[in-house]
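Here is the structure we will look at.
The values are calculated or read from the model by the stated rules, or taken from the named source; none is laboratory data. Everything quoted here is computed from the prediction, not taken from an experiment. With ideal geometry, Cβ positions are generated from the backbone for all residues, glycine too; neighbour counts draw on all protein chains shown.
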């Protein structure tokens, strides 16, 4: 195998003063977690970069595929290592450049000698390696200002390190470095994107889903599980809290006027979510609301919904256009799941003309006629909690057939 | 019976048949139904899809189940042509494709598409230079079979893919019906195909099963419309027993690929040496660079049918170059493209190995073939 390790450069972390140690530690753990299927991985974390040792081809392939979606990484490079004999460096450099041998490309050799006692000077090394490459590969030419490939050689005390490409990471901050919040996950396009954006800022996510059988099918629940599962790709496991919502939903339908159904339903959902948030020790609630997108997402509606709690409600998509949200959803792989056509709890019992400007006093008046408390408590208590990524029991069940 | 016609079709593995039967018995619900039974069957279908996606290295949502190689090829060609005609109407393929590709292109030519055919050398291989020259700004599709069904030539897929992706916007369709399970077949970024088509019954699966798979999301129109199954691209209730049986056949083929490859190579090389002992009575169309499970040869001035009958009388099943075209009287287009000498044009015979053949059969075949040559040619 050509490559011996992968070098990871941190993103914004490097600016984060005293918390940096904690961030680096989190990133290291997140990487170990994300790649548990190719364990054991040796990860060595230093002040401004991290190294993952490669034992086999499989590890390399999986890392190259999944590292770009781990938050907290600015960029990474595969690294090849050899001893410091200049002949060996030349040979290895040629092997690396051989990967481009069918293309006409320009290159330059960049040398860093962190060990200044090395007998050859920077320029000598550039000359020796560059000359060697030019002699052996007629398709190469030198361009120091704007090369297609920058072959980087680092001479350290113990060995020489060579790399030729820089792959951009997902940026952001390691998941978990900015606390935990509870995401209201509906099964639509927006809420997974909201979750993704918060994770990108280092927030660990638990998800809550309101499930109303028989009005919504098992497949709609499966869809939500699949969405949450998709979000675990970004470097952390997710607990999904599934709230049995039928009873509450029917109660609401029977107790408030039709046009207020939507506002009250949202308010009750928010109350339930806030209760769960408190139990799991999360700090905020995250929703996929985007201003003006539907009746429940006008400023008046949002105010009415907010009124039930003091907890910060984070709405990362508030100013996003639908098309921009769809773009992100496609990029992160949730779009295809979201557009599967199953009923969710938001689309049943929807009145033809919901209020876009609900009046808070009217809403509270009608709600005060009913005692929701007991129902809310029961819903929270009877919730089912799934941990994702789900160990794939299903496949086991079918294994003899496949 | 010595069955050497595995490129026409294969005998299904018992395990595959068992799966087919059990899924039919226990998981017969419609995977699109919303009741729990349907949901369970859908999970099974998705598990099968996952398994195949994993083997060919793409995402599960880019794997669609079809009725076989012909449908998959038709789907790739008509689907891409229809959905991309605003970009151009220029298409490239080779002159030795399977009928399910060539006939589809004949139809498109009548609809005003411009189809260009790459020639092949006497080993059945295209020239990358010619491909590069023929690629244009308005080329929307390139179709190429990985392994030729009549004589086993392998096309340089990786090189072709690089050229196509570097020099054009064309979608690269690779017909892997004859290569899947025999050679490594998978997606590989810009160094691989955009569309793969695969058939189940060539790899000891059951007939009427196939796959079309995409490397990424493509602009492609459905061939069959209706209830919007298979991501809206291939309507019709998905036959889950077929799909699961196919996933199993794919797994078995992939697991035994190395071992079969070594075995077939040994037999093919051995038989080539054997045929060479007949001097200029026999001409070999296949080469050692080709896929090892197909060995085509021709006997001077003899009709293929005569040899088939003579071998059949002694319990050996082989075929003329292709089962699909063997009932037609005219010389095969592949044999024409290879510029085979007129003495050998009529008598092309294809031997094709499968996972169930044995070393002993190779030896028996040699003895029987010697008898046949004595009878027909007196040598």
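Some notes on this structure:
Quick grid of which residues meet (1) within 14 Å of chain B (Cβ to nearest Cβ); (2) modelled with pLDDT under 90; (3) more than 25 Å from residue A:228 (Cβ to Cβ); (4) part of a loop (DSSP other than H, G, I, E, B):
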{"residue": "A:336", "(1), (2), (3), (4)": "yes, yes, no, no"}
{"residue": "A:346", "(1), (2), (3), (4)": "no, yes, no, yes"}
{"residue": "A:351", "(1), (2), (3), (4)": "no, yes, yes, yes"}
{"residue": "A:354", "(1), (2), (3), (4)": "no, yes, yes, yes"}
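- Filter result for residue A:269 (crowded, with 18+ Cβ neighbours inside 10 Å, at pLDDT below 90 and either assigned to a helix (DSSP H, G or I) or within 14 Å of chain B (Cβ to nearest Cβ) (or both)): no
- The single residue among A:89, A:52 that is assigned to a helix (DSSP H, G or I), crowded, with 19+ Cβ neighbours inside 10 Å and in contact with a helix residue (DSSP H, G or I) (Cβ under 7 Å, 6 or more places away or on another chain) turns out to be A:89.
- Test: residue in the stretch B:63-72 that is under 22 Å from residue A:230 (Cβ atoms) and within 14 Å of chain A (Cβ to nearest Cβ): yes
- Residues located in the stretch B:8-52, provided they are assigned to a helix (DSSP H, G or I), buried (at least 20 other Cβ atoms within 10 Å of the Cβ) and more than 9 Å from chain A (Cβ to nearest Cβ): B:16, B:20, B:41, B:45, B:49, B:52
- Of the residues B:131, B:141, the single one that is part of a strand (DSSP E or B), buried (at least 16 other Cβ atoms within 10 Å of the Cβ), touching a helix residue (DSSP H, G or I) at 6+ places or on another chain (Cβ under 9 Å) and in contact (Cβ under 8 Å) with a residue 24 or more places away in the chain is B:141.
- Condition met for residue A:341 (surrounded by 14 or more Cβ atoms within 10 Å (Cβ to Cβ) and more than 20 Å from residue A:241 (Cα to Cα)): no
- Taking strands (runs of 3 or more DSSP E) as the structural unit, those lying wholly within the stretch A:118-222 and holding at least 1 residues that are more than 30 Å from residue A:324 (Cα to Cα) correspond to A:140-142, A:149-155, A:160-163.
- Set B:138, B:129: member being over 26 Å from residue A:336 (Cβ atoms) and within 14 Å of chain A (Cβ to nearest Cβ): B:129
- Residue B:377 touching a strand residue (DSSP E or B) at 6+ places or on another chain (Cβ under 9 Å), touching a residue at least 40 places away in the same chain (Cβ under 8 Å) and surrounded by 14 or more Cβ atoms within 10 Å (Cβ to Cβ): yes
- Condition met for residue A:26 (assigned to a loop (DSSP other than H, G, I, E, B), surrounded by 14 or more Cβ atoms within 10 Å (Cβ to Cβ), in the same structural domain as residue A:162 (by TED's automatic domain parsing) and out of contact with any helix residue (DSSP H, G or I) (no Cβ under 7 Å at 6 or more places or on another chain)): no
- Qualifying residues in the stretch B:53-83 (those that are modelled with pLDDT under 95 and not in a helix (DSSP H, G or I)) - the one nearest to residue B:203 (Cα to Cα): B:57
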